[in-house]
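Coordinate-derived values only; no laboratory data. This one's a predicted model, so the numbers in the text were calculated from it and none came from an experiment. Here the Cβ positions follow ideal geometry from the backbone for every residue, glycine too, while neighbour counts run over all protein chains shown.
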Amino acid sequence: MVSLLLLVACSALRAADRVKDLQDHFDKETHASGKIKALEKLGEAQFDAASKAGQQDDFLSVGLTMEKYRDNAMTAFELLRKQEPDADHHPNGYRQLELQVRRGIREVEETMLTVPDVVRPPLRIVRQDLIDLDDTLIRELFPRRTPEPKKVPPVPESKP
């Protein structure tokens with residue numbers, strides 16, 4: 001029993017070290033395509049770490065990890081938009097990032113199914129932020145086919 005607990009603790013420490021190393025690499029990357037490639041590995045490590053934290057009932061770490069993934073995806077998008085503003089002529093980075101963000105949305109949704117109710121509100125915010133980012137990436141990739149969403153005015157209530 002003790003050896004099993006020790007093994008779990010060691011694997012958690014290795015996963016945390018891997019996430020830290022990948023996060024450092026992501027933070028140092030200055031080119032958008034490199035940052036997006038680094039995000040792919042980092043995201044996978046973050047999702048694994050969040051899953052392991054959830055298995056240990058460390059839901060604070062789960063939420064923080066998902067928030068960090070969202071922040072990293074937004075950072076990559078901002079750099080991509082700055083370095084390659086025309087997605088129509090340079091779509092590769094936008095496509096790669098959109099696929100990763102879509103995976104992030106799925107991971108957050110799956111995580112929301114397993115965490116207690118008190119942990120879900122921050123994850124809902126992360127999920128919505130990722131959905132908004134995904135919608136923006138789709139509009140960047142297909143500007144002629146995806147108009148801006150129209151805001152529908154509320155229907156006035158009729159009084160009896």
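Which of rounded, prolate or oblate describes segment 92-136 when judged by the alpha-carbon gyration tensor and an a/c cut-off of 1.5? Taking the square roots of the gyration eigenvalues as a ≥ b ≥ c, segment 92-136 is prolate.
Projecting label points 7 angstrom from Cα along Cα→Cβ for Arg120 and Asp21 puts them 3.8 nm apart. Over segment 43-122, the alpha carbon radius of gyration divided by the compact-protein estimate 2.2 N^0.38 Å works out to 1.25.
Between Lys41 and Glu67, the simple spin-label model (points 7 angstrom out along Cα→Cβ) gives 2.7 nm.
Given 0.36 nm per residue, what is the gain on full extension from Glu109 to Asn92 after removing their alpha carbon distance, in nm?
Extra length available between Glu109 and Asn92 comes to 3.5 nm.
Take 111-122, 96-107 and order them by the average number of nearby Cβ atoms within 10 Å per residue, most first; the result is 96-107, 111-122. Computed 3J(HN,Hα) for segment 86-96, one whole-Hz value per residue from the Karplus formula 6.51 cos²θ - 1.76 cosθ + 1.60 where θ = phi - 60°, is 9, 5, 5, 9, 9, x, 4, x, 5, 5, 4, glycine and proline marked x.
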